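Only one structure is covered here, and it is reproduced in the block below.
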Amino acid sequence: MEIIQNLTEKGTFFLPSNISATLGEFDTLFYFILWLSVIFMVGLIGVSAWFLITSKRKSSDQLAEKQITHNIPLEIIWTVVPTLLVLFIFWLGFKQYMLMRSIPPNATTIYVSGKKWFWEFTYPNGKKTIGDLVVPVNTPVKLILSSTDVLHSFYLPNLRIKRDVIPNRYTVLTIEPAKIGNFRIFCTEYCGDKHSNMLATLKVMSNDDYYAFLKAVDFDDSIPLSEAGKQLYTKKGCVACHSIDGSPMVGPTWKNLYNANRVFTDGSERIADEAYLIESINYPQAHIVTGYQPVMPSYQGLLVDQEITAIIEYIKELSD
Ligand SMILES: [Cu+2]
């Protein structure tokens with residue numbers, strides 16, 4: 001896995017590289033506020049320290065004599081200068097905010113769904129991916145975000161964008177990456193014990209590669225089915241909840257699952273044959289295994305038949 005390598009690539013001490021075609025001024029705003037704060041902090045502390053060192057205690061007669069009540073030029077300066085600075089910050093910030101929120105008419109739409117604990121992306125032609133958000137370069141992309149369970153937060157550091165992803169509500173964002181490459185996506189809202197697994201990759205491609213990706217059926221049939229199943233186990237996020245070594249996690253282990261007798265919360269029983277495994281993947285809520293919570297997301301439409309077969313072959317291989 002190419003972890004975080006692109007996160008800091010050509011970035012600075014404070015910020016990762018900025019690949020946004022529209023939010024370039026975000027960095028200007030950040031540095032403006034940063035250095036303004038540094039200047040004011042050093043200035044204020046400097047003046048205070050200077051007074052502390054140079055001022056002497058005065059008698060009350062001297063004080064009465066030298067009492068200053070006001071100074072009009074000074075008051076004008078300390079009102080006007082900060083007001084102008086704050087207005088400048090507002091103007092630049094609001095401009096970035098509007099760019100982030102306005103949707104150009106030629107934008108492609110991609111649905112983003114946060115689930116415990118992975119990101120699922122649905123493209124205009126119905127294709128779905130888990131963990132990889134593939135987008136064309138230099139094209140506005142409208143992201144429609146929602147969550148099927150708890151609060152998540154979608155964070156693209158290289159694009160300077162972070163939005164909460166809320167159950168039962170759609171949030172809209174536009175992104176426009178100007179650089180081809182792979183970049184990190186994080187969930188930045190603590191969403192349960194496998195929260196740190198909720199990483200994804202933003203894959204920015206040329207337009208041709210993007211359309212080729214949309215059309216491609218990405219199943220590698222050059223390797224044995226069970227081997228493909230093993231890869232899918234990690235790639236599709238099953239690894240967050242299912243172990244392969246016999247230890248129970250959020251879900252039951254896959255070790256010795258095939259042909260085992262399953263007992264459900266409603267008291268019924270069933271042998272874990274192929275039909276049962278397919279049903280468990282597509283309709284996990286149909287039967288809940290005793291001792292577990294009904295938290296598995298449905299993978300219906302997310303895995304093509306070949307992928308389900310591959311996973312089942314892998315589960316069979318884990319059973320003796
Ligand atoms: Cu999350």
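Of K162, K142, all but one fail to be in the same structural domain as S20 (by TED's automatic domain parsing) and within 16 Å of the ligand (Cβ to nearest atom); the exception is K162. Mind checking which residues of region 283-320 are touching a residue at least 24 places away in the same chain (Cβ under 8 Å) and under 15 Å from I130 (Cβ atoms)? Those that are touching a residue at least 24 places away in the same chain (Cβ under 8 Å) and under 15 Å from I130 (Cβ atoms): M296, P297, Y299, G301, L302, L303, V304, E307, I308, A310, I311.
Residues of region 199-221 that are closer than 23 Å to Q306 by Cβ, in contact (Cβ under 8 Å) with a residue 24 or more places away in the chain and touching a helix residue (DSSP H, G or I) at 6+ places or on another chain (Cβ under 9 Å): K203, V217, F219, D221. Filtered by the rule that a residue be of a type outside the set (V, I, T) and without any contact (Cβ under 8 Å) to a residue 12 or more places away in the chain, region 118-167 gives a lone residue, G126. The residues listed here are G251, G301; of these, the one that is modelled with pLDDT under 90, outside any helix (DSSP H, G or I) and under 25 Å from the mean Cα position of the chain (by Cα) is G301.
Determine whether region 177-184 contains at least one residue that is within 16 Å of the ligand (Cβ to nearest atom) and either over 30 Å from Q285 (Cβ atoms) or not hydroxyl-bearing (S, T, Y) (or both). Yes.
The values are calculated or read from the model by the stated rules, or taken from the named source; none is laboratory data. Because the structure is predicted, anything quoted here is derived from the model rather than measured. Cβ sites come from the backbone with ideal geometry, for glycine too, and all protein chains shown count toward neighbours.
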